[in-house]
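Let me begin by presenting the structure, written as structure tokens, before commenting on it.
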């Protein structure tokens with residue numbers, strides 16, 4: 001009902017509640033939906049049946065992870081694996097032999113009896129049955145604990161004295177004690193390339209600002225599946241945990257100068273942790289079965305990566321089975337209070353001054369080799385390939401050495417279906433910021449002109465294309481080779497995009513009737529069939545809010561004439577995709593095609609004042625293409641928030657048939673309902689061959705009646721406003737009485 005009332009109100013007024021834009025933190029992490037699982041679903045209710053207990057392998061020093069790759073232990077419940085054992089436990093055991101009882105037996109815990117009734121004296125005597133002691137186990141957890149329990153037959157017997165052959169047995173319905181079993185499986189892990197036992201912290205390549213190498217792990221208020229630990233709450237507590245596998249330190253002691261080092265950053269491109277939040281490091285003393293806090297730091301605004309550096313001195317840690325873990329303390333209701341971790345290193349023969357992570361590395365994956373866009377329609381590129389390759393391809397590298405290091409040329413390689421097509425040279429001096437060497441401990445962002453030479457091969461057939469990218473750059477000192485390269489994908493489909501497919505924040509204007517418009521310069525004039533939008537869950541739920549898809553012409557660099565807007569009686573609501581790059585396709589009503597020139601705007605007019613929370617990619621900044629209006633489109637403001645709004649225009653291409661979209665007829669048909677207001681009969685004015693019936697709804701959306709003729713009766717209806725759906729269009733009608 002709320003939506004219907006709101007629809008009526010916006011027809012007659014357009015109040016403005018606020019005049020701003022803004023961002024919110026994410027509520028979920030769509031990258032992780034359905035990704036992680038630690039045990040097979042249980043086959044019985046409230047038992048451990050068919051679940052796995054994993055027995056970790058033990059690692060040796062040195063322990064080192066700079067998170068360029070995923071070194072999280074994967075848990076696969078493979079019952080047939082050679083390293084899997086099992087233990088089957090029964091619920092009820094014989095109290096004397098401790099053997100399982102037969103599955104056909106049933107018992108009750110309540111006292112049952114034989115009742116003898118004397119019809120002469122009208123009295124009865126109850127003679128309780130003898131109980132039998134059994135061992136009853138709790139199968140809800142492993143190992144099973146058994147308790148001696150006295151059980152009784154699950155029935156009563158009623159005898160009558162003085163009346164021959166009158167004896168009744170009354171059975172208890174569903175007696176609570178019966179035989180059951182549960183099997184616990186055990187798997188011994190043997191994977192020295194997996195370093196971490198849990199997956200709550202999020203391995204990613206996008207949330208940190210200028211990381212020292214590819215990849216970090218991020219701590220926030222989301223679990224390993226991307227969901228809040230305590231959705232909708234204001235609870236602050238320990239959230240993510242990153243626990244190492246056991247390590248064998250029994251062969252070392254304090255004299256071996258064992259040091260633990262790591263890098264960490266608060267906020268990054270995520271949410272800033274408050275001073276009351278913290279990142280915590282704990283060491284495990286195996287013999288004491290005790291975790292001890294050895295380091296922590298409080299929340300703060302974004303900063304460069306800082307160094308944590310700790311010497312192991314206490315003898316309680318020099319054991320086989322030593323572990324360490326990081327935990328964050330913060331809000332549990334979303335992607336909040338973030339810390340980012342990198343270069344975790346535990347080694348011997350170190351020192352107090354040895355805080356250096358000497359590595360030369362890419363900081364981010366390589367992006368699009370197209371100018372401006374991360375993707376464009378393949379049809380458009382084939383027709384207009386000239387001048388479309390990027391002349392400012394961004395490359396970010398970091399020299400982790402404490403010395404100046406000689407630069408070298410790098411390369412970008414383009415492959416198609418596994419075959420190399422071309423390569424570009426990354427000029428060494430450009431990579432090092434115009435210097436002949438890389439300065440010590442310095443991050444360099446450089447831009448490279450790839451507009452000459454190779455162009456993606458337009459002779460390739462098909463409606464979509466994918467090219468694989470590989471960038472390589474290195475310095476001349478010994479370092480981690482895996483960080484000297486990075487990969488990417490160039491995708492061509494049926495849409496234009498500015499973003500990299502990953503949201504770091506939720507964005508939108510805040511005002512009733514606010515407009516959000518994203519500007520695109522297309523390679524050619526064509527027709528739109530819809531808009532892809534990546535809405536993201538945030539801590540404020542707006543899934544019931546309403547908006548109208550909108551397309552504007554260009555008016556001197558600002559949104560101009562409205563080329564398309566949804567019918568006010570058919571508003572949209574945010575729909576959420578489940579995963580990275582999961583955009584929702586919002587097709588125009590009645591699959592209409594909207595012609596646009598080479599410069600246009602797509603977005604929405606929102607009916608509610610709250611922010612609608614579209615995804616904001618904070619790694620690629622195209623805020624100069626984002627505009628919003630809070631005065632009904634009279635004036636427009638360019639966004640002041642860095643990032644790329646994740647809204648993509650979808651063009652009519654050869655992919656239309658695959659999308660199930662028919663060739664379209666214009667909805668500019670003249671559909672009229674008269675007299676309106678009506679009293680007894682109303683008429684639908686439409687071409688006869690175009691009318692295939694209509695449906696009448698109440699303003700609350702309830703079905704009222706089918707309309708099979710262009711002339712229909714309304715005399716039986718109560719006076720008021722109704723909605724008549726004709727050929728997919730909704731027409732408001734009013735019924736009155738004399």
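The values are calculated or read from the model by the stated rules, or taken from the named source; none is laboratory data. All values reported here derive from a predicted model rather than from experimental measurement. Cβ coordinates were reconstructed from backbone atoms using ideal geometry, including for glycine residues, and neighbour counts include every protein chain displayed.
See the values below:
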| item | result |
| --- | --- |
| Yes/no for residue 573 being out of contact with any helix residue (DSSP H, G or I) (no Cβ under 7 Å at 6 or more places or on another chain), surrounded by fewer than 17 Cβ atoms within 10 Å (Cβ to Cβ) and not assigned by TED's automatic domain parsing to the domain that holds residue 205 | yes |
| Candidate set from segment 196-205 (those that are over 14 Å from the mean Cα position of the chain (by Cα) and surrounded by 19 or more Cβ atoms within 10 Å (Cβ to Cβ)); member that is farthest from residue 63 (Cα to Cα) | 205 |
| Residue ranges of strands (runs of 3 or more DSSP E) in segment 343-436 with at least 1 members surrounded by fewer than 21 Cβ atoms within 10 Å (Cβ to Cβ) and touching a residue at least 40 places away in the same chain (Cβ under 8 Å) | 393-399, 410-416, 419-426 |
| Among residues of segment 106-142, those that are farther than 30 Å from residue 90 by Cβ and not in a strand (DSSP E or B), counted | 4 |
| Qualifying positions in segment 328-342 - under 22 Å from residue 245 (Cβ atoms) and either surrounded by 23 or more Cβ atoms within 10 Å (Cβ to Cβ) or not assigned by TED's automatic domain parsing to the domain that holds residue 247 (or both) | 328, 339, 340, 341 |
| Extreme residue, nearest to residue 118 (Cα to Cα), among residues of segment 162-180 that are in a strand (DSSP E or B) and modelled with pLDDT under 95 | 167 |
| Sole exception among (1) more than 23 Å from the chain's Cα centre (by Cα); (2) part of a strand (DSSP E or B) for residue 461, by number | (2) |
| Residue satisfying condition, being at pLDDT 95 or above and either part of a helix (DSSP H, G or I) or not assigned by TED's automatic domain parsing to the domain that holds residue 350 (or both), within set 255, 239 | 255 |
